[in-house]
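First the structure, in the form of structure tokens, and then the observations on it.
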Amino acid sequence: MEKFVNQRLSKHCCSSDDAKTTSPRKRVKLLEDERMKWEEEEEEDEALAEFSHPVPWQKIESEGLDCDYALLFSKEEADRLFQQLEEEVVYATGEEAKVHVFGKLHNIPRKQATYGDAGLNYTYSGVTRSAYPWTPTLESIRNAVTKATGQTFNFVLVNRYKDGQDHMGEHRDDEKELDPLCPIASVSLGAARDFIFRHRDARGKQSQPRRQIEPVRLELAHGSLLLMNPPTNTFWYHGLPVRKKVLVPRVNLTFRRIAQDGKK
Ligand SMILES: O=C(O)CCC(=O)C(=O)O
């Protein structure tokens, strides 16, 4: 390693002419500057190596839809993370577990929790939720997602589906406080579930959809990461339909970046 460092330093640094004309003190200074520059380059290389962590990304595209999908965690890692989340996450109860639809409070067909950086709020489905401080497991999953994508996140919405009866209706995550340039990173643990995107212009009555655009159907596996890149959530709704044959639970984490004016 030292040999390599020296080779790189001598390549960048003092030619034999420099060596003749530069004072020893100045030469030491030059060498120090070069070493620091080299160390910075080395850190950048390491960071890039992390982003090119061998995640076998799969591209999913359609008109205005841009997603990346990968298995981020091995089965063993995903099993362990699922168990840890079952112990750590505190889900909302009572009024906190309801959403506003057409002016009325409704129970939601799953459990929810919100975690994130101090002072962050998120408003969706007519309710505002503040972030609990990150748990160790949520923070370590967030860091793994950042390593794999190069994106940073300050908030996560946790959804727990006890079985295939629990579900989520079609919606777009297009709230104004979300950073529009940041993808939403969705990590799934537990039961594999179907996940369906529908273009906003193809919604409406089945008999008369406004435009014929095929829905995009995925199965989100245990340990998977789905990146919904902009502008996907402008044009496409997504939802998690009922699947009566699914008998085991699933936990989904959607990591988001809330713009700082989303703070209290
Ligand atoms: O559970 C899922 O995969 C869907 C989650 C979702 O759509 C959301 O959090 O907005």
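Quick note: the coordinates plus some simple rules give every number you see, no bench work behind them. Computed from a prediction, not measured in an experiment: that's the story for all the values here. Cβ coordinates were reconstructed from backbone atoms using ideal geometry, including for glycine residues, and neighbour counts include every protein chain displayed.
Quick notes on this one:
- Debye log10 I(q)/I(0) at q = 0.11, 0.17 Å⁻¹ for the range 56-262, Cα point scatterers: -0.50, -1.31
- Calculated FRET efficiency for the pair residue 62/residue 100, C-beta based, R₀ 22 Å, to 0.05: 0.10
- The range 56-262: Lys pairs at Cα distance under 18 angstrom, eight or more positions apart or on different chains: 6
- Theoretical FRET efficiency, 1/(1+(r/R0)^6), r = Cβ-Cβ of residue 32 and residue 74, R0 51 Å, to 0.05: 0.75
- Computed label-point distance, nm, for sites residue 174 and residue 203 using a 7 Å Cα→Cβ extension: 0.8 nm
- Under conditions of 25 °C and 0.890 mPa s, the range 56-157 yields 154 µm² s⁻¹ as its translational diffusion coefficient, taking Rh as the Kirkwood radius over Cα pairs in the Stokes-Einstein equation.
- A cut-off under 9 angstrom between Cβ atoms defines the neighbours of residue 235, and their net charge, with Lys, Arg +1 and Asp, Glu -1, is 0.
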